[in-house]
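Asker: Sharing a structure here in C-alpha cells format.
Derivation of every value follows stated rules applied to the coordinates shown; laboratory data play no part. Since the model is a prediction, treat every value here as computed from it, not as a measurement. Here the Cβ positions follow ideal geometry from the backbone for every residue, glycine too, while neighbour counts run over all protein chains shown.
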Amino acid sequence: MMEKIQVFIEKVRNAKSIAISGHKNLDGDALCSALALMKLIELNFGKKATVIFDGNVPRDLDNVPLRKEAVFHKSLPENSKYDLYILVDYGTRKNLGEIEKYVDAADFVIEFDHHFNDDLVGNLCFDDDEKVATAQIILDMIKVVNFNIDKDIVDLLTLAIITDSGNFKFVRYSDVFKDAALLVEKGADIPHLVNSLNNKDKKTVLVESKVVSEAEFFMKGRLVIATINHADYKKLDGRGDIVLSLLAQIRGVQFVVLLKEHKEDQIGISIRSREIPINEIAESLGGGGHLCAAGAVVGDTLKNVRSLIINLFKGM
Ligand SMILES: [Mn+2]
C-alpha cells in the first residue's frame, strides 16, 4: 500500500491538471468518493482537481457537500485535457461513457474501485472488491498517510458508505463499522446525513410505487419482474431503488429484476438477489456488478428482454 501511495503522491504533486470521475449515472459512492478526493487534493496539495461526470446525478444527492463542484462533461471547454486522471467506483471501461476519451488522453490514470474487474483501466490501481464502498479505499489511504481532512471529506466518505451499503444492510465485513466509527468520531452525523438523502421528487416516488404495484411474479413468487416504460422512465431519477427495495421485502421473493425502457430498443436491467449470486446472469447480458446486485443494458425490446430474463432465471 505505502509504495503505491508514494506514487499517488508523486503523480498528484507533479500533475498540472487533474480530473476525477466515477461511472456514468453517478450514485452516492461514485459522486461522494470523487468529491472527497477533490477536497483531499485541495487540502493536501493546494491543487484544484475537476470532478467530471456523464449521465444523470439523482436528486437524492443534491444536498451532498460540494455537489455543485461536479461538472457535466458537456460543460467543459472544447479540447480539455488532463495529465492525471483519477477514476473512482467505475466498475468497467464500458461504464465510463463519454469521459472515456479524456481518460484515454491522460498521461497517467489512477483508480480507486471496489468492483471486480479483470480489465483495469488505471496505471496505478487501488482496488479491493471486499469493500462495501470505494470511499473505504480512499479512507484507508488517508489513515496510512495521515492526510489532512475536513468536515466535507468526513461527510462525503460517510455518505458514500451509507449509500453503497444500503444504510449498512449489505455489510459483510467488520471493517465497514470500524470505518464508520472513525468517521463518527471525526464528526459525521449519520441520522442527519441519511435524512439529507431523502430528497426525491414527488413524481419519481409516485412512478416507482406505480411500477411496484404492476410488478409480475414468476417461479412461485421467487422471481419478480418490474417494468418501467419509456414515458415513466423519464420521471425516474436514478436506478429505481424504491422499486428494488420494496419488492425485495416481500416474503418468498428471491430475485428482483427491474427493466427500464431507455429507448424502444434499449433496456436497462437491474438485478437484485437476496443470497444467490446473480452477477453471472448480468455478465451473460454484457453487464456486471456485485454478487447480489448487478445490471446490464441490452439492445432489444422490452417484450424480448422480459422473455429473455424469464428464461435465464429458469432453474435458479
Ligand atoms: Mn460503489
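Asker: Could you work out the local net charge near residue 299, counting Lys and Arg as +1, Asp and Glu as -1, over the other residues with Cβ closer than 11 Å to its Cβ?
Answerer: Numbers: positive: 263; negative: 264, 265, 300.
Spelling it out: positives minus negatives among the neighbours equals -2.
Asker: So how much slack lies between residue 292 and residue 129, counting 0.36 nm per residue of separation and subtracting their Cα-Cα distance, in nm?
Answerer: 57.4 nm
Asker: Helix 134-145 against the longest principal axis of the chain: what's the angle in degrees, Cα atoms only, rounded to the nearest 10?
Answerer: Approximately 20 degrees, to the nearest ten.
Asker: Scan the range 237-315 for trypsin sites (Lys or Arg not before Pro) in coil per DSSP, keeping those whose Cβ has at most 13 other Cβ atoms within 10 Å, and list them by number. Write down the numbers at each step before the final one.
Answerer: Numbers: sites: 239, 251, 260, 263, 272, 274, 303, 306, 314; in loops: 239, 251, 274, 314.
In loop regions of the range 237-315 (DSSP not H, G, I, E or B), the sparsely surrounded trypsin sites (Lys or Arg not before Pro) are 251, 274, 314.
Asker: Where does the chain land at 222 nm, in deg cm²/dmol rounded to the nearest 500, when only DSSP H runs of n ≥ 4 count, each adding -39500 (n - 2.57), divided by all residues? Write down the numbers at each step before the final one.
Answerer: Working: 12 runs with 123 residues, N = 316.
Mean residue ellipticity, 222 nm, calculated: -11500 deg cm²/dmol.
Asker: Same structure again: Which of rounded, prolate or oblate describes the range 2-196 when judged by the alpha-carbon gyration tensor and an a/c cut-off of 1.5?
Answerer: rounded
Asker: Let me ask something else. Please return the longest range in the chain lying between exposed loop sites, taking GluC sites (Glu not before Pro), DSSP loop only, at most 13 other beta-carbon atoms within 10 Å, and leaving the sites out. Don't skip to the end; give the middle numbers.
Answerer: Details: sites that count: 78, 130, 214, 264, 275.
In the chain, the maximal stretch lacking such sites is 131-213.
Asker: Let me know the charge dipole size of the chain about its Cα centre in debye, to the nearest 20, where only the beta-carbon of Lys, Arg (+1) and Asp, Glu (-1) is charged.
Answerer: Values: 40 positive and 47 negative charges, 174 e Å.
The calculated dipole for the chain is roughly 840 debye.
Asker: Another one. Can you tell me which of 252, 295, 97 moves the most in a GNM of the chain? Springs connect C-alpha atoms under 10 Å apart.
Answerer: Most flexible of the set in this elastic network: 252.
Asker: Separate question: If you take every DSSP beta bridge fully contained in the range 142-287, what fraction is antiparallel? Give it as a percent rounded to 5. Could the numbers behind the result be given before it?
Answerer: Details: 11 of 17 bridges.
DSSP beta bridges in the range 142-287 are roughly 65 percent antiparallel.
Asker: Give the angle, between 0 and 90 degrees and rounded to the nearest 10, that separates the Cα long axis of helix 2-14 from the longest principal axis of the Cα atoms of the chain.
Answerer: Approximately 70 degrees, to the nearest ten.
Asker: Among the DSSP beta bridges whose two residues both lie in the chain, what percent are antiparallel, rounded to the nearest 5? Walk me through the numbers before you get to the answer.
Answerer: Details: 19 of 43 bridges.
Percentage antiparallel, nearest 5: 45.
Asker: Shape verdict for the range 97-178, please, from the Cα gyration tensor: rounded (a/c under 1.5), prolate (a/b greater than b/c) or oblate.
Answerer: In terms of gyration-tensor shape, prolate.
Asker: Rounding to the nearest 10 and keeping the result within 0 to 90°, find how far the Cα-based axis of helix 175-185 lies from the longest principal axis of the chain.
Answerer: 60
Asker: Of 219, 190, 207, which is farthest along the charge dipole of the range 173-233 in the positive direction, counting Lys and Arg as +1 and Asp and Glu as -1 at C-beta?
Answerer: 219
Asker: Can you give me the distance in nm between label points at residue 314 and residue 13, each placed 7 Å from the Cα along the Cα-to-Cβ direction?
Answerer: 6.2
Asker: Scan the range 1-37 for trypsin sites (Lys or Arg not before Pro) in coil per DSSP, keeping those whose Cβ has at most 11 other Cβ atoms within 10 Å, and list them by number.
Answerer: Working: sites: 4, 11, 13, 16, 24; in loops: 16, 24.
Counting only loop positions with at most 11 other Cβ atoms within 10 Å, the trypsin sites (Lys or Arg not before Pro) in the range 1-37 are 16.
Asker: Starting from the Cα gyration tensor of the range 199-316, take the square roots of the eigenvalues, sort them a ≥ b ≥ c, and report rounded, prolate or oblate (rounded when a/c is under 1.5, otherwise prolate if a/b is larger than b/c, else oblate). Mind showing how you got there, number by number?
Answerer: On the way: a/c = 1.56, a/b = 1.21, b/c = 1.29.
Since a/c reaches 1.5 but b/c is at least a/b, the shape of the range 199-316 is classed as oblate.
Asker: State the extension gain, in nm to one decimal, for the chain segment bounded by residue 214 and residue 62, taking 0.36 nm per residue of separation less the distance between their alpha-carbons. All intermediate terms of the calculation are to be shown ahead of the outcome.
Answerer: Details: separation 152, 0.36 × 152 = 54.72 nm, distance 2.94 nm.
Using 0.36 nm per residue and subtracting the Cα-Cα distance, I get 51.8 nm.
Asker: Work out the charge dipole of the chain with +1 on the Cβ of Lys and Arg and -1 on the Cβ of Asp and Glu about the Cα centre, then indicate which of 12, 159, 97 is farthest towards its positive end.
Answerer: 159
Asker: Another question about this same structure. For each of 165, 307, count neighbouring Cβ atoms within 10 Å of the residue's Cβ, then give the residues from fewest to most.
Answerer: Values: 165 21, 307 12.
Least to most surrounded, the residues fall as 307, 165.
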